[in-house]
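S.K.: Take this structure first; my questions come after.
The numbers here are math on the coordinates, done by the rules we state, and not lab data. Treat the numbers as computed from the prediction; the structure is a model and nothing was measured. Positions of Cβ are generated from backbone atoms using ideal geometry, with glycine treated the same way; all protein chains shown enter the neighbour counts.
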């Protein structure tokens, strides 16, 4: 296992970018690009990532980046991969870097299409559970009970499970990660780079202005999400599901997860949930752990 | 087809250090060089030198480094006018 000291010092997200202070996207992308290296082409749909690159004629991303339409991140990655393949440049990594809005909702059909075509690329959904860039609207990834500007009494529906939808495409590699575990994220990105075919990764990205917490707590929030079991870190490889870090103990029952209230109470978006909502959230989590416990024992 | 191209450079949004309200100050005597501040800095504003070197031209003062430091070697001090 690689340690923090061994991570490369190369920076591909440059200083003086337009991200909010404490932004989780830049933490995730820095670590991701340390693993993938400079021979990477990124496609970015409409999202915070398109904005934080700064203004023309400058950009803060030091690798080739294409900003494209909201629904087209995976489709254009397919095109780039095909063009590179035709030129014999198969050593270049194609990375689609989209938010949860561009993956769960708007980009879903393009993602599904690219996975079905077997495009050799890495699709990363950094999941901040809302449309942060346009001012915090609900998305398919927003959890039950969370406040957004379009669910101002708390969301009444459950979030969908995109990683499961992706796994149903029977692709070689699916992984979820958290920005609070950079060595785990680095290892997964390295592994995804070596595998041929479509790869999907999802990274939890707590957004300080959207989730309503102090900007210094970004990483703490991502760590608590894992320790309370609200976010699970796993790898799905050759039909086998394995859990990493604290999620491993939570799923096999050897580790008592922290109470989910610890995570919820730190966020302003869950300020108005009732005791019934809390019960519902806990029930949903238990069901999810049970589902994954059974699934990890399948093969 | 002609399209607009931006070129990678530091300071895409200028010197973002001016956004800062609290300034991270490293106490070198406490630092154990675990580089946790470096890996979590959202701004890539910490450089790996002998000790973590904070680039105050670009540090936005989010305080992630101070919050994550396991030995509390980074103190957030209010910027003076």
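S.K.: Counting only other chains, what is the mean number of Cβ atoms within 10 angstrom of the Cβ of each residue in peptide A:55-61?
M.R.: 6
S.K.: Between residue A:85 and residue A:191, what's the calculated FRET efficiency when r is the beta-carbon distance and R0 is 30 Å? Round to 0.05. Show your work: numbers first, answer last.
M.R.: On the way: r = 21 Å, r/R0 = 0.72.
It comes out at approximately 0.90.
S.K.: Could you compute Rg(Cα) / (2.2 N^0.38 Å) for segment A:227-284, with N its residue count? Could the numbers behind the result be given before it?
M.R.: On the way: Rg = 13.7 Å, N = 58, 2.2 N^0.38 = 10.3 Å.
So segment A:227-284 has a normalised radius of gyration of 1.33.
S.K.: Going by C-beta contacts inside 10 Å, put A:144, A:126, A:173, A:104 in order with the fewest on the left. Each step should come with its number before you reach the end.
M.R.: Numbers: A:144 17, A:126 27, A:173 20, A:104 24.
Ordered by Cβ neighbours within 10 Å, fewest first: A:144, A:173, A:104, A:126.
S.K.: Here is a follow-up. Could you work out the mean projected area of the convex hull around the alpha carbons of segment A:171-299, in square nanometres to one decimal?
M.R.: About 8.3 nm², averaged over all directions.
S.K.: Output the peptides A:131-142, A:190-201 sorted from most to least packed, where packing is the average of other Cβ atoms within 10 Å over each peptide's residues. Spell out each step's value before the answer.
M.R.: Numbers: A:131-142: 20.8, A:190-201: 18.9.
Put in order of decreasing packing, that is A:131-142, A:190-201.
S.K.: Counting C-alpha atoms alone, how compact is segment A:5-92: give Rg to one decimal and Dmax as a whole number, in angstrom.
M.R.: 13.7, 41
S.K.: Report the gain in length on full extension from residue A:169 to residue A:262: 0.36 nm times residue separation, minus Cα-Cα distance, nm rounded to one decimal. Kindly include the intermediate steps, with their values, before the conclusion.
M.R.: Values: separation 93, 0.36 × 93 = 33.48 nm, distance 3.54 nm.
Stretched out fully, the residue A:169 to residue A:262 stretch lengthens by 29.9 nm.
S.K.: Using the basic label-point model (7 angstrom from Cα toward the beta carbon), what is the residue A:3 to residue B:15 distance in nanometres?
M.R.: Those two pseudo-labels are separated by 3.7 nm.
S.K.: What share of the DSSP beta bridges in the protein assembly as shown is antiparallel, in percent to the nearest 5? The partial results should precede the final answer.
M.R.: Values: 18 of 45 bridges.
Around 40 percent of the beta bridges assigned by DSSP in the protein assembly as shown are antiparallel ones.
S.K.: Calculate, for residue A:242 and residue A:212, the FRET efficiency according to 1/(1 + (r/R0)^6) with r their C-beta to C-beta distance and R0 22 Å; round to the nearest 0.05. Display every interim value, and only then the final one.
M.R.: Values: r = 34 Å, r/R0 = 1.54.
The calculated FRET efficiency here is 0.05.
S.K.: Turning to a different aspect of this structure: Please compute the Kirkwood hydrodynamic radius over segment B:16-78, one decimal place, Å, based on all pairs of different Cα atoms.
M.R.: Values: mean 1/r = 0.0879 Å⁻¹.
Its Kirkwood hydrodynamic radius stands at 11.4 Å.
S.K.: Need one number: nm distance between label points at residue B:80 and residue B:48, each 7 Å from Cα along Cα→Cβ, rounded to one decimal.
M.R.: 3.5 nm
S.K.: Between segment B:1-50 and segment A:148-179, how far is it from one alpha carbon centroid to the other, in angstrom?
M.R.: 31 Å
S.K.: Extension gain residue A:109-residue A:150, at 0.36 nm per residue separation less the Cα-Cα distance, in nm? Walk me through the numbers on the way to the answer.
M.R.: Details: separation 41, 0.36 × 41 = 14.76 nm, distance 2.38 nm.
So the chain would gain 12.4 nm between residue A:109 and residue A:150.
S.K.: In square nanometres and to one decimal, what's the mean projected area of the convex hull around the Cα atoms of segment A:79-233? Don't skip to the end; give the middle numbers.
M.R.: Values: hull surface 38.0 nm².
Taking the Cα atoms of segment A:79-233, their convex hull projects to 9.5 nm² on average.
S.K.: Kirkwood-based Rg over Rh for the protein assembly as shown (C-alpha set), two decimals? Write out the running numbers ahead of the final one.
M.R.: Numbers: Rg = 20.1 Å, Rh = 21.1 Å.
When Rh is taken as the Kirkwood radius, the ratio is 0.95.
S.K.: Moving to a separate point now. Principal axes first, then extents: for the Cα atoms of segment A:151-231, list largest minus smallest coordinate on each axis, whole Å, largest first.
M.R.: 43, 30, 20
S.K.: Can you give the angle from 0 to 90° between the axis of helix A:73-86 and the longest principal axis of chain A, with both taken from C-alpha atoms, to the nearest 10?
M.R.: 30 degrees
S.K.: Further, regarding this structure: Enter the angle in degrees (range 0 to 90, nearest 10) between the Cα long axis of helix A:182-194 and the first principal axis of the Cα atoms of chain A, meaning the one along which they spread out most.
M.R.: Roughly 40 degrees between the two axes.
S.K.: Sequence gap at least 6, Cα distance under 8 Å: using those rules, report the relative contact order of segment A:21-296 to the nearest whole percent.
M.R.: Numbers: 514 pairs, mean separation 47.2, N = 276.
Once normalised by length, the contact order is 17 percent.
S.K.: Something else now. Translational diffusion coefficient, Stokes-Einstein: compute it for segment A:42-125 using the Kirkwood radius over C-alpha pairs as Rh, at 4 °C and 1.567 mPa s, and state it as an integer in µm² s⁻¹.
M.R.: Details: Rh = 12.9 Å.
Result for D is 101 µm²/s.
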